[in-house]
Each structure stands twice: as C-alpha cells, then as structure tokens.
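Trainee: Below you will find the structure I want to go over with you.
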Amino acid sequence: MLRRAIAIKAAIGFGLIAAIGLAASRPALAEDVALTFDDLPVYGPRGTIDDAQATTRVLLKGLIRHHLPATGFVNEIQLDGADRVQRIQLLSDWLDAGMDLGNHSYSHLSLSKTPIDVYIADVAKGQAVTSTLLAVRGRKERWYRYPYLETGTTAEARTRFEGWLADNGYRVAPVSMENSDWEFADRYDEALARKDVAAAARIRAAYLDYTGRVVAWYREAAFGLLGRRPSFVFLMHASRLNAASIDDLAKILRHQQLHAVTLDEAMRDPAYAIPDTYVGPDGDEWLTRWSLTLHKDLPWASYPRVSAESEKPDVR
Ligand SMILES: [Zn+2]
C-alpha cells in the first residue's frame with residue numbers, strides 16, 4: 001500500500017494521496033441501502049400477461065431469497081386493459097411478498113413539462129388501486145417517486161405539489177444511488193424481442209459490470225460529500241433485465257458491503273434532511289441536489305459512463 005502510494009504520489013501529486021489516506025481510514029462495514037423499483041407492474045414494452053407474471057415472480061423470489069426488502073413504485077396506467085385483474089394481482093404479489101408499494105403517478109408525467117393541476121390530478125388518479133390494496137392489508141400508501149426525478153421548473157409548482165403530497169399522507173422518495181438500469185433494460189428487451197440470446201447475454205454482462213462500478217462511485221462520492229457513510233436509496237426498475245439479474249445484483253451489494261434495509265429505515269438518515277432547493281429542468285438524483293445545497297462538487301470526472309451501445313462494456 002505504502003509503496004503504491006509513493007509511486008502514485010511521485011506520478012500525480014499530493015491531492016490524490018490525501019484522498020487515498022481518507023479511504024484507508026474508513027470503517028470495515030459499509031452503508032445501508034433501500035432498494036426501490038419503478039414503473040410497476042413491469043418496466044418496458046407491454047408483453048403478454050404470462051411474461052409480466054414471470055418477470056414479477058422471478059424478481060420477487062430473488063428479493064426474498066436474498067433477504068432484500070424493496071419498495072415498488074406503480075404507474076396504474078399499466079393496469080388498464082383486458083388483463084386488468086391479473087395485472088392488479090401482480091401488485092398484490094409484491095405486497096404478499098412483504099414489499100411496499102408507492103405512487104409513481106398514473107401515467108408517468110414530468111412535473112417539469114406538465115401544468116400543475118394536470119399533474120396533481122394524474123398523481124391522484126394513480127393511487128386508486130394501490131392505496132386500496134394497501135388498505136385491505138391495514139396499510140397506507142406513503143411514498144411518492146417523481147417520474148424522471150423531475151421536480152418542476154418553478155418553486156411554486158414544486159411547493160404546491162409537495163403540499164398536496166403532505167396533505168395526502170405522502171413523502172417524496174428520493175434517489176441517492178442509481179445505475180442507469182433502464183438504458184440497459186431497453187436494449188435487453190429489444191434483444192429479447194428479436195430472440196437474440198447472445199446480445200441479451202452481452203447486455204446483461206455489461207449491465208452488471210457497470211452496476212458494480214457505479215455503485216462504488218456513489219459510495220465514494222457520498223463519503224466525499226458528507227464525510228460519512230449515508231444510507232442510500234437505490235433506484236432501479238421492475239424490468240425483465242433486473243429479474244434475470246437479481247442474484248448477480250445481490251452479489252454486487254454483498255461485495256460492496258451494502259446492507260439492504262426498508263425505505264423507512266434508510267430515510268431516517270439525517271442526509272435526507274439536507275434541503276433540496278433545486279429548481280430547473282434536470283432530473284437529478286439527490287447526491288447532486290445535496291452537492292448544490294452544500295456547495296461541494298462531486299467527482300464527476302470519475303463517474304462511469306454508459307456507452308452509447310449499452311451492450312458493449314465501457315472501456316476505462
Ligand atoms: Zn419511472
């Protein structure tokens with residue numbers, strides 16, 4: 001370690017050495033993480049009900065097998081159609097598996113591109129089935145996840161909407177870790193649609209490689225920003241890709257020493273009390289928002305890129 005440090009110091013100067021010293025002093029055990037899956041019942045192109053059932057079953061079984069609590073965020077527009085009863089059953093399956101469900105708006109609108117009255121009506125419409133499923137189990141729908149993480153281009157819209165959320169018993173579910181899984185999932189679904197098994201396997205491998213690196217980046221970046229290890233809220237999607245990858249995702253979490261907790265538990269971390277005053281078009285996660293509040297930069301130069309062809313692993 002010392003020899004390596006000296007070599008690096010000689011090569012690129014003292015700033016990095018300070019960072020390495022900081023890394024070496026960290027405790028052995030790492031952070032808590034709450035897993036969240038958006039766009040329930042199933043992310044991606046609407047397939048057959050058999051396909052949706054298989055995706056849900058594999059994903060939930062994996063979460064249970066690896067003792068990973070999770071919260072799913074529902075777009076109830078997906079329930080519309082001839083197989084409505086079966087699609088509603090998929091949401092019941094999540095609850096019966098011990099998971100929680102939250103609201104992700106009815107039709108996945110952006111607050112930054114939608115008049116506030118239309119947006120609120122859409123979110124209200126999006127709670128009908130999910131809140132009932134929770135109520136019959138003696139529970140309440142309590143979490144809202146902004147589609148695209150877009151929180152509005154005016155302070156007035158956001159203040160008004162978050163007032164509506166509070167009046168209706170909701171809290172915003174932030175995101176402090178993400179792995180661009182939807183980009184890989186889109187290509188994976190395209191490969192499955194053309195029955196290209198080899199491409200699907202390549203995309204999945206690239207996804208897992210990227211996930212390992214980006215999770216490590218978030219851990220480093222959060223430590224640098226906050227000076228301690230926060231509890232993360234990890235955004236993924238209820239995709240075929242994640243269903244097929246759940247064992248490997250669990251392995252990545254273990255390798256990163258991340259300990260899965262519920263969203264409620266993660267949200268007790270004081271980091272989530274840091275004000276988020278960002279107003280604008282960007283759908284940023286909360287690490288970026290905190291960095292704006294705290295006037296501290298994140299190490300974007302080392303952020304792992306998703307290649308344009310997501311099926312190709314990044315070259316660092
Ligand atoms: Zn979404």
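Trainee: Among the listed residues F223, F234, F184, which satisfies the condition of being in contact with a Pro (Cβ under 9 Å, 6 or more places away or on another chain) and not charged (D, E, K, R)?
Mentor: Working: F234 fails: in contact with a Pro (Cβ under 9 Å, 6 or more places away or on another chain); F184 fails: in contact with a Pro (Cβ under 9 Å, 6 or more places away or on another chain).
Result: F223 is the single residue among F223, F234, F184 that is in contact with a Pro (Cβ under 9 Å, 6 or more places away or on another chain) and not charged (D, E, K, R).
Trainee: Would a scan of the stretch 112-127 turn up a residue that is within 23 Å of M177 (Cα to Cα), in contact with a helix residue (DSSP H, G or I) (Cβ under 6 Å, 6 or more places away or on another chain) and either surrounded by 22 or more Cβ atoms within 10 Å (Cβ to Cβ) or β-branched (V, I, T) (or both)? Lay out the reasoning, then the answer.
Mentor: Pass one, the stretch 112-127, residues within 23 Å of M177 (Cα to Cα): 112.
Next, from what is left, pick out any that are in contact with a helix residue (DSSP H, G or I) (Cβ under 6 Å, 6 or more places away or on another chain): none.
Checked against the condition, which is being within 23 Å of M177 (Cα to Cα), in contact with a helix residue (DSSP H, G or I) (Cβ under 6 Å, 6 or more places away or on another chain) and either surrounded by 22 or more Cβ atoms within 10 Å (Cβ to Cβ) or β-branched (V, I, T) (or both), the stretch 112-127 yields no hits at all.
Trainee: If V42 meets every condition in (1) in contact with a Leu (Cβ under 6 Å, 6 or more places away or on another chain); (2) within 15 Å of the ligand (Cβ to nearest atom) apart from one, which number is that one?
Mentor: Every listed condition holds for V42 apart from (1).
Trainee: Okay, next question. So if I check each of Y144, Y148, which one is touching a Ser or Thr at 6+ places or on another chain (Cβ under 6 Å) and among the hydroxyl-bearing types (S, T, Y)? Step through it out loud before you land on a result.
Mentor: Working: Y144 fails: touching a Ser or Thr at 6+ places or on another chain (Cβ under 6 Å).
Y148 is the lone residue from the list that is touching a Ser or Thr at 6+ places or on another chain (Cβ under 6 Å) and among the hydroxyl-bearing types (S, T, Y).
Trainee: Which residues, taken from the stretch 97-113, are more than 11 Å from the ligand (Cβ to nearest atom), under 17 Å from the mean Cα position of the chain (by Cα) and part of a loop (DSSP other than H, G, I, E, B)?
Mentor: If the condition is that a residue be more than 11 Å from the ligand (Cβ to nearest atom), under 17 Å from the mean Cα position of the chain (by Cα) and part of a loop (DSSP other than H, G, I, E, B), then M99 is the only one that fits.
Trainee: Inspect the stretch 240-250 for any residue being of a type in the set (V, I, T), within 19 Å of H67 (Cα to Cα) and within 16 Å of the ligand (Cβ to nearest atom) and give the result as yes or no.
Mentor: Looking only at the stretch 240-250, we keep the residues that are of a type in the set (V, I, T), and these are 246.
Retained after the next criterion (residues that are within 19 Å of H67 (Cα to Cα)): 246.
Subsequent filtering for residues that are within 16 Å of the ligand (Cβ to nearest atom) retains none.
Checking the stretch 240-250: not a single residue is of a type in the set (V, I, T), within 19 Å of H67 (Cα to Cα) and within 16 Å of the ligand (Cβ to nearest atom).
Trainee: Further question on the same structure: So F73 ticks every box in (1) within 16 Å of the ligand (Cβ to nearest atom); (2) part of a loop (DSSP other than H, G, I, E, B) but one. Which box is left unticked?
Mentor: Status for F73: all satisfied but (2).
Trainee: What pairs can you find where one residue is in the stretch 38-55 and over 30 Å from P174 (Cβ atoms), the other is assigned to a loop (DSSP other than H, G, I, E, B) and more than 16 Å from the ligand (Cβ to nearest atom), and their Cβ atoms are less than 7 Å apart, with a gap of 6+ or different chains?
Mentor: Going by the 7 Å Cβ cut-off, the qualifying pairs are I49/D83.
Trainee: Would you list the helices (runs of 4 or more DSSP H) that sit entirely within the stretch 176-275 and hold 1 or more residues that are closer than 28 Å to Q78 by Cα and out of contact with any strand residue (DSSP E or B) (no Cβ under 9 Å at 6 or more places or on another chain)? Spell out how you get there, then give the answer.
Mentor: On the way: elements: 181-193, 197-226, 240-255, 263-266.
Result: 181-193, 197-226, 240-255.
Trainee: On the basis of being surrounded by fewer than 20 Cβ atoms within 10 Å (Cβ to Cβ), more than 29 Å from P275 (Cα to Cα) and at pLDDT 95 or above, does L208 make the cut?
Mentor: On the way: surrounded by fewer than 20 Cβ atoms within 10 Å (Cβ to Cβ): yes; more than 29 Å from P275 (Cα to Cα): yes; at pLDDT 95 or above: yes.
In short, yes.
Trainee: I've got another one for you. Being under 20 Å from the mean Cα position of the chain (by Cα) and in contact (Cβ under 8 Å) with a residue 40 or more places away in the chain is true for just one of V279, V306. Which residue is that?
Mentor: Values: V279 fails: under 20 Å from the mean Cα position of the chain (by Cα).
The match here is V306.
Trainee: Of a type in the set (A, V, I, L, M), surrounded by fewer than 16 Cβ atoms within 10 Å (Cβ to Cβ) and under 23 Å from the mean Cα position of the chain (by Cα): does that describe A173? So that I can check it myself, show each step before the final result.
Mentor: Working: of a type in the set (A, V, I, L, M): yes; surrounded by fewer than 16 Cβ atoms within 10 Å (Cβ to Cβ): no; under 23 Å from the mean Cα position of the chain (by Cα): yes.
Criteria not met by A173.
Trainee: Quick one: which residue in L90, L68 is in a loop (DSSP other than H, G, I, E, B), touching a residue at least 24 places away in the same chain (Cβ under 8 Å) and of a type in the set (A, V, I, L, M)? Give the derivation first.
Mentor: Details: L90 fails: in a loop (DSSP other than H, G, I, E, B).
After ruling out the rest, the residue left standing is L68.
Trainee: Still on this structure, please answer the following. So which pairs qualify, if the first residue must be in the stretch 103-118 and small (G, A, S), the second must be within 14 Å of the ligand (Cβ to nearest atom) and assigned to a loop (DSSP other than H, G, I, E, B), the Cβ gap must be under 7 Å, and the two must be at least 6 apart or on different chains?
Mentor: If the second residue must be within 14 Å of the ligand (Cβ to nearest atom) and assigned to a loop (DSSP other than H, G, I, E, B), the pairs left are S105/N75; S105/G126; S107/N75; S110/E150; S112/E150.
Trainee: Provide a single number: the residues in the stretch 138-151 that are more than 16 Å from the ligand (Cβ to nearest atom) and either acidic (D, E) or surrounded by 16 or more Cβ atoms within 10 Å (Cβ to Cβ) (or both). Lay out the reasoning, then the answer.
Mentor: The first filter runs over the stretch 138-151 and keeps only residues more than 16 Å from the ligand (Cβ to nearest atom), leaving 138-142.
The next check asks that each one be either acidic (D, E) or surrounded by 16 or more Cβ atoms within 10 Å (Cβ to Cβ) (or both); those that pass are 141-142.
Going through the stretch 138-151 one residue at a time, the tally reaches 2.
Trainee: Between L294, L287, L226, which is loosely packed, with under 13 Cβ neighbours inside 10 Å, under 30 Å from T159 (Cα atoms) and not small (G, A, S)?
Mentor: Details: L287 fails: loosely packed, with under 13 Cβ neighbours inside 10 Å; L226 fails: loosely packed, with under 13 Cβ neighbours inside 10 Å.
Exactly one residue qualifies, and that residue is L294.
The values are calculated or read from the model by the stated rules, or taken from the named source; none is laboratory data. Small disclaimer: the values here were computed from a predicted structure and weren't measured. We place every Cβ from the backbone using ideal geometry, glycine too, and count neighbours over all the protein chains shown.
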